[in-house]
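The values are calculated or read from the model by the stated rules, or taken from the named source; none is laboratory data. It should be emphasised that the depicted structure is a prediction, and the values quoted were computed from it without experimental measurement. Quick reminder, even Gly has a Cβ in these numbers, built from the backbone with ideal geometry, and neighbours come from all protein chains shown. Quick note on the areas: whole protein, heavy atoms, side chains included, nothing else; ligands and nucleic acids left out. Shrake-Rupley method; radii C 1.70, N 1.55, O 1.52, S 1.80 Å.
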Amino acid sequence: MSIPKFESEWDGFKGHVAVTWDKISDEELLRVQGNFAELVKLIGEKYGEQKQVVEQKLHALYESY
């Protein structure tokens, strides 16, 4: 499950990710570079959440973006 145009809108959207998941550092967000799968993996590792839960939360956040 991914989000269309996610990578191309990453520069604007990553601020919302940083606020929502504040354990993720700016350096880690830079490394992700808009790669949806990498972001899901990173959030899952930092917060101990399952992939499907992270994907759902990202979709909801992106819809409100």
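Full extension from Glu38 to Ser25: what is 0.36 nm times the residue separation minus their Cα-Cα distance, to one decimal in nm?
Length gained between Glu38 and Ser25: 3.3 nm.
So what does the Cα-only Debye profile of the chain read at q = 0.13, 0.15, 0.26 Å⁻¹, as log10 I(q)/I(0), no solvent term?
Listed by q, the Debye log ratios stand at -0.28, -0.38, -1.32.
Where in the range 1-32 are there trypsin sites (Lys or Arg not before Pro) that are in a DSSP coil and have at most 15 other Cβ atoms within 10 angstrom of their Cβ?
Here the sparse-neighbourhood loop sites are Lys5, Lys23.
Would you work out the relative contact order for the chain, in percent, from Cα pairs under 8 angstrom that are 6 or more residues apart?
Reported relative contact order: 37 percent.
Rolling a 1.4 angstrom probe over the protein chains, ignoring ligands and nucleic acids, what is the accessible area of Ser64 in square angstrom, nearest 10?
90 Å²
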